[in-house]
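Here the structure is laid out as structure tokens; the discussion comes afterwards.
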Amino acid sequence: MAEYIDVLNEDGVKTGEILTRKEIHQRGLWHRAIVVIIVNENNEILLQQRSANKDKNANLWDISVAGHISAGQDAISAAAREINEEVMIDVEAKVTVTDFRYMFSYRVSQIFTEDYIENQFYDVFILRKNGIRKKHIRMQESEVQAVKFVSLIELEQILQSDEIVKRPPVYEALRDYLYRY
């Protein structure tokens, strides 16, 4: 099933055009996505290992959740949807939109292949939830092949490798956030 996304201009404003995810990336059009950093009460960060069959960054570790905002959807709803799709969290207190804290937005322009150009605005959120452990995570196997919680020190070590998706603004904001707690 095709995923439809709102096309944006270079300033991040919707143009009124809606295209499939594939068309948007083939043509290198601007669009919006979300990133959610999930942190438990021990200040451990949930990382996911992307599936081997992903279009980009296959097999790499990544921040907790990331995904496109569907046409007509707002960022916070997309964040909740992506959590339910990729790393369903099975705990007594369900995740709601009020659990999210908006952090910032940034933009990325990157060419992966001739047919996969990423011109994306990212809205970044933190989801801080007590009691989340690896045993509470149910992965969508087509998206995620493994998950783990890491300390900030462990994350810093992973960031020195080529095993993680490069998201410098996200990791910088995460450091600032965790040092406050």
Select from the range 101-133 the residues that are part of a strand (DSSP E or B) and among the small types (Gly, Ala, Ser) and write down the one among them that is nearest to LEU29 (Cα to Cα).
SER109
How many residues does the range 130-148 hold that are farther than 30 Å from THR20 by Cβ and either touching a helix residue (DSSP H, G or I) at 6+ places or on another chain (Cβ under 6 Å) or aliphatic (A, V, I, L, M) (or both)?
1
Residue that is farthest from ASP6 (Cα to Cα), among those in the range 105-124 that are of a type in the set (Phe, Trp, Tyr) and at pLDDT below 95:
PHE112
Filter the range 30-67 for residues that are within 10 Å of the chain's Cα centre (by Cα) and among the small types (Gly, Ala, Ser) and give the result.
ALA33, SER64, ALA66, GLY67
Which of (1) surrounded by 20 or more Cβ atoms within 10 Å (Cβ to Cβ); (2) hydrophobic (A, V, I, L, M, F, W, C); (3) over 25 Å from ARG175 (Cβ atoms); (4) out of contact with any Asp or Glu (no Cβ under 7 Å at 6 or more places or on another chain) does TRP30 not meet, given it meets every other one?
(4)
If we keep only residues of the range 134-154 that are in a loop (DSSP other than H, G, I, E, B) and modelled with pLDDT under 90, then the residue nearest to LEU29 (Cα to Cα) is GLU143
Just wondering, is there one or more residues in the range 62-76 that are surrounded by fewer than 13 Cβ atoms within 10 Å (Cβ to Cβ), in contact with a strand residue (DSSP E or B) (Cβ under 9 Å, 6 or more places away or on another chain) and at pLDDT 95 or above?
yes
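The values are calculated or read from the model by the stated rules, or taken from the named source; none is laboratory data. Remember, it's a predicted structure, so these values are computed and weren't measured experimentally. Here Cβ is always computed from backbone atoms with ideal geometry, including for glycine, and neighbour counts include all displayed protein chains.
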